[in-house]
Structure formats: structure tokens, C-alpha cells
Amino acid sequence: VDACDIRAGAALVLAGLRADGYTIVANAGHIDRGYQNFVPNLAALGADVRRESVSD
């Protein structure tokens with residue numbers, strides 16, 4: 001899925017946590033503009049989430 005802005009990106013990550021299998025959120029850099037430590041905070045709550053760099 002593609003994160004087109006800050007809030008949509010965060011919502012897609014949260015929806016992905018509930019979905020079966022893997023969810024890859026492209027353009028997740030938008031999330032960084034609005035939420036500090038988003039991935040570490042989710043991981044601290046027990047979420048199986050990580051950030052990966054993908055080359056084009």
C-alpha cells in the first residue's frame with residue numbers, strides 16, 4: 001500500500017498490524033513528519049513492526 005500523507009500512512013500501518021500476512025507501506029517517510037518514534041513506540045507496545053529500506 002502507498003502512504004500518500006501523514007495520517008493515511010499511520011492508518012495503513014495500524015491496519016496492517018491487524019491484517020493477516022505481511023503489509024508493506026511504501027512512502028512511509030510521510031509518517032516521520034508527524035509521528036516521532038512511530039515504529040519504536042509500536043514495537044514497545046508489542047507490535048511486530050519494522051522499518052526496511054527498499055531500493056528501486
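Quick notes on this structure:
- Only residues that are surrounded by fewer than 16 Cβ atoms within 10 Å (Cβ to Cβ), modelled with pLDDT of 95 or more and in contact with an Asp or Glu (Cβ under 8 Å, 6 or more places away or on another chain) were counted in segment 19-38, giving 0.
- Contact map, segment 37-56: first residue of a type outside the set (Ser, Thr, Tyr), second residue loosely packed, with under 10 Cβ neighbours inside 10 Å, Cβ cut-off under 8 Å, separation 6 or more or different chains; pairs are Val39/Arg50; Ala43/Arg50.
- Only a single item in (1) in contact with a helix residue (DSSP H, G or I) (Cβ under 9 Å, 6 or more places away or on another chain); (2) surrounded by 13 or more Cβ atoms within 10 Å (Cβ to Cβ) is not met by Gly16, and it is number (1).
- Matching residues in segment 18-39 - criterion: being within 15 Å of Arg50 (Cβ to Cβ), among the hydrophobic types (A, V, I, L, M, F, W, C) and in a loop (DSSP other than H, G, I, E, B): Ile24, Val25, Ala28
The values are calculated or read from the model by the stated rules, or taken from the named source; none is laboratory data. Owing to the predicted nature of the structure, the values given are computational and were not obtained by experimental measurement. All Cβ positions, glycine included, derive from the backbone under ideal geometry; neighbour counts span all protein chains shown.
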